[in-house]
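The values are calculated or read from the model by the stated rules, or taken from the named source; none is laboratory data. These numbers were taken from a predicted model, which means no experiment stands behind them. Positions of Cβ are generated from backbone atoms using ideal geometry, with glycine treated the same way; all protein chains shown enter the neighbour counts. Please note that ligands, DNA and RNA were not included when accessible areas were found on the heavy atoms of the full protein model with its side chains. Shrake-Rupley method; radii C 1.70, N 1.55, O 1.52, S 1.80 Å.
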Amino acid sequence: MSEAAARGEWGSRVGFLLAAAGSAIGLGNIWRFTYIMGENGGAAFILVYVVCIVLIGAPVFLAELVIGRHTHLNPVGAFEALKPGTAWKWVGALGVLAGALLLSFYSVVAGWVMAYAVRAPMGTISGLASPEESGAYFGALSSSTAQSITFHAVFMIITMVIVARGVKGGIERASKIMMPILFLLLAVLVVRGILLPGAGAGIEFMLRPDFSALNPTVVLISMGHAFFTLSVGMGAMITYGSYLSPSNDLPKSSLQVAFMDTLVAIAAGFAIFPALFAFGMEPTEGPGLVFVTLPVVFHQMPGGTLFASMFFALFLMAALTSSISLLEVVAAYFIDDLRWSRGKAVVILGGAIFLMGIPAALAMGPWSGWSIASMLGGAAGEGVLGSVGIFQLNWFDLISHVVSDYMLPIGGFFVCLFVGWYWDRRAVEAEAALGSSGFRAMDLWINLLRWVGPLVIGEVLALGVLAEFPEQFFPRLASTVNTLHTWFIGLDILVALAVIAYSLAAGGGRKDRPAA
Ligand code: PHE
């Protein structure tokens, strides 16, 4: 067996594509995207989000694949191989840690999805007749320690079984079975939603942008979500890229995954919002949107039990093809660098991540009152320290906030710097062009990584930190942050336009340069 085959390798191009798309398409597309779009103005949000995907998310996605395929290593090993003895490996380590933390709460949410998926065929979910009844049902599930932890455990075990079977026999196979089913089910639900009497208002919400709903915060939220939904910023695509052979066209695959991911998110919107509006409900329900609002929609719909069963089965599959990529990142580090066997890595790490998820599950019930501020207590808890936004969150929200809004963007920021500036430009271009039938946007890609990515991500992070501080102690901060937001967005648009114009003009002469 060759070295590559021993470590693991994708069996086919389609297999890799479906696995990568499976990682990207998950709770982010169905649960997170729909509720933040509902809260942030529908069509206008979609526009900004798509711009973030194209200008930042997709370029970072490709950059991660390039690092992965060049080194054939996990995120820590990859940076260490490219810049030995430097601090770059810590970027990889941050990713592995982010993967473990993300999976610990992802699995709790996926556990609720599983609870709904197994109960839907019995008519329990579509039997919830009013938003109150449905809210109480979801509340009872998520705050029940026994139920939350049981479903979290079962979901983790399924994830572990798939990952233990390896790259080709586990991850690729599971994705090849589940992704087509997911696409099919989603298509059925979109048609069902659009054809409902009264769906017009929902379709309009999805298609007609209300630009007055756009404010700087919306732009920041879109960017954070672009990272989350494409699975970038924590080395998942470095890891998946490391199992690739030279014949894969990386730029094309990146575009295809970004396209499919966006399509599924928008389709999920079309499956949900027309029905929501048709039954007179509000889109601004927040994180409970899918769990609280949808059952009532299914209740009022002819064939509701069938459609509810399909929806939550789809939702569960989407979550699984993402959770396996999270566990794979963590496992790959221990397999490559610490020489653990795959079985040992999966059992020990999966078990540890399961335990790490327990506080997240408890945070929805008995531990909902816990926060760093409450722990500090007394004078410290009531002072500036205790009133910092991040210190007031319970464990679930804290981990979700730290990972999605800080760790992933920080990881993405460094990937931009690494591939855009530090790594040898010729090596980058050669690897990106390998297996590709001519990557004409090479200059544009590199310039986006050099300029737009670090600029925008840097701003978002800086403003995110400022926004944590309490107004009562820093009264002028909020208005300063707002002014900065507005200026930054203007600057970003100018820089992005300049980079695009410059790259496309310069790229004209590139066609006659050889691809490598
Ligand atoms: N992209 C996944 C989703 O949308 C989440 C994820 C993030 C998976 C990072 C892997 C790595 O649900």
In order over region 462-475: 3J(HN,Hα) from phi, Karplus 6.51/-1.76/1.60, θ = phi - 60°, whole Hz, x for each Gly or Pro, gives 4, 5, x, 5, 4, 5, 6, 7, x, 5, 5, 8, 10, x
Lys and Arg at +1, Asp and Glu at -1: neighbours of ALA20 with Cβ under 13 Å from its Cβ sum to -1
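Rounded, prolate or oblate: pick one for region 299-366, where a ≥ b ≥ c are the square roots of the eigenvalues of its C-alpha gyration tensor, a/c under 1.5 means rounded, and failing that, prolate if a/b is larger than b/c, else oblate.
oblate
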Would you mind working out the accessible area per residue for region 112-270, using a 1.4 Å probe, and quoting it in Å²?
38 Å²
Near ALA498, within a Cβ-to-Cβ distance under 15 Å, what is the net charge of the other residues, with Lys and Arg +1 and Asp and Glu -1?
-1
Using 7 Å Cα-to-Cβ label points, what is the SER368/ASP424 separation (nm, one decimal)?
5.8 nm
Could you check the spin-label model distance between GLU133 and ALA478? Points 7 Å from the Cα along Cα→Cβ, value in nm.
4.0 nm
Evaluate E = 1/(1 + (r/R0)^6) for SER247 and ILE157, where r is the Cβ-Cβ distance and R0 equals 51 Å; express this FRET efficiency to the nearest 0.05.
0.90
Going residue by residue through region 322-334, the Karplus relation 6.51 cos²θ - 1.76 cosθ + 1.60 with θ = phi - 60° gives ³J(HN,Hα) values, rounded to whole Hz and with x marking Gly or Pro, of 8, 5, 5, 6, 5, 5, 4, 4, 5, 5, 4, 4, 6
Estimated 222 nm signal from helices in the chain, with DSSP H stretches of n ≥ 4 weighted -39500 (n - 2.57), rounded to 500:
-22000 deg cm²/dmol
State the percentage of accessible surface on the chain attributable to carbon and sulfur atoms; use a 1.4 Å probe and exclude ligands, DNA and RNA.
69 percent
Under 1.5 on a/c is rounded, so check that first for the chain, then, if it is not, pick prolate when a/b is larger than b/c and oblate when it is not; a ≥ b ≥ c are the square roots of the alpha carbon gyration tensor eigenvalues.
rounded
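Taking a ≥ b ≥ c as the square roots of the Cα gyration tensor eigenvalues, with a/c under 1.5 meaning rounded and otherwise prolate when a/b beats b/c, else oblate, which class fits region 128-280?
oblate
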Out of the trypsin sites (Lys or Arg not before Pro) in region 315-400, which ones are loop residues according to DSSP with at most 14 other C-beta atoms within 10 Å?
ARG339
